[in-house]
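A quick write-up on the structure given underneath.
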Amino acid sequence: MQDIGVSVSGLLGLIITSSILIAVPGPSIMLFVGQVIMKGRSHALRGVIGNAIGMLSIAILLSFGLGPLILKSDFALPAIRMLGAVALLLIGIGYLVASKAASPVATDQPTRRKSPITAGVIVGITNPKALIMFGTIVPSFLSGNLASPTNVLIMYSMIPILLGIVIDSVWVVVAHSLSSRLFSNVDSVRIVNRIGGGLIILMALILAREAVSGFLSINRWPAPWA
């Protein structure tokens, strides 16, 4: 398989490296924990699928050559992160407002206000791990003499995406097992809804901070928190 850029050692290295990077908590994990706390396990699992879709979108763009342009652009990454931060901030605020009318029964019902898949897609697209994973890590495990680099990159990119679904689902199950006992009364539901909304807002602030740092670095201005 060497002539198409696939090797056993490369695949194993990519699996190990991807597993470690994905397992480290980041923006996506924060979103899933917030979704578990607010709407339950099934809601969060749909967020996992949305995150995988967002990651796949980035993987395809990078595989077809748009990734290097995004990675080298002065304004693309900060702009994408800022848009993601604004969208997630609105989602988090929406959950905080909805918590005023929360009840143990309502938290088990599907919400029409915010789609967990949409939120997952936003996180997957704006997650810095996606650009690092598909822009540098995945290509580094390709062997020489590539017959079709785009096809091989897409195939390799499916490895961290599938691993992400499995690992993120484990996080969801663990978070659910720890939080399910809290839904015994209205006050508890309101508290955990606020915590979940706060986690999403915190994630939005982290993305906004990274975006501002990117814009400041373009103008060669030091970040005030640096």
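The values are calculated or read from the model by the stated rules, or taken from the named source; none is laboratory data. Everything quoted here is computed from the prediction, not taken from an experiment. Cβ atoms come from the backbone with ideal geometry, glycine included; neighbour counts cover every protein chain shown. Surface accessibility is based on the protein's heavy atoms, side chains included, excluding ligands, DNA and RNA. Shrake-Rupley method; radii C 1.70, N 1.55, O 1.52, S 1.80 Å.
Yes or no, residue by residue, for (1) closer than 13 Å to A44 by Cα; (2) among the β-branched types (V, I, T); (3) modelled with pLDDT under 75:
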position: V170; (1), (2), (3): yes, yes, no
position: H176; (1), (2), (3): yes, no, no
position: F183; (1), (2), (3): no, no, yes
position: R194; (1), (2), (3): no, no, no
position: G197; (1), (2), (3): no, no, no
position: I201; (1), (2), (3): no, yes, no
position: I206; (1), (2), (3): no, yes, no
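Yes/no matrix, rows are residues, columns are (1) crowded, with 24+ Cβ neighbours inside 10 Å; (2) in contact with a Phe, Trp or Tyr (Cβ under 6 Å, 6 or more places away or on another chain); (3) modelled with pLDDT under 75; (4) assigned to a helix (DSSP H, G or I):
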residue	(1), (2), (3), (4)
V36	yes, no, no, yes
L56	no, no, no, yes
L62	yes, yes, no, yes
I70	no, no, yes, yes
M82	no, no, no, yes
L88	yes, no, no, yes
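Look at (1) modelled with pLDDT of 80 or more; (2) open to solvent by less than 10 Å² (accessible area, probe 1.4 Å) and you find that I49 fails only one, number (2).
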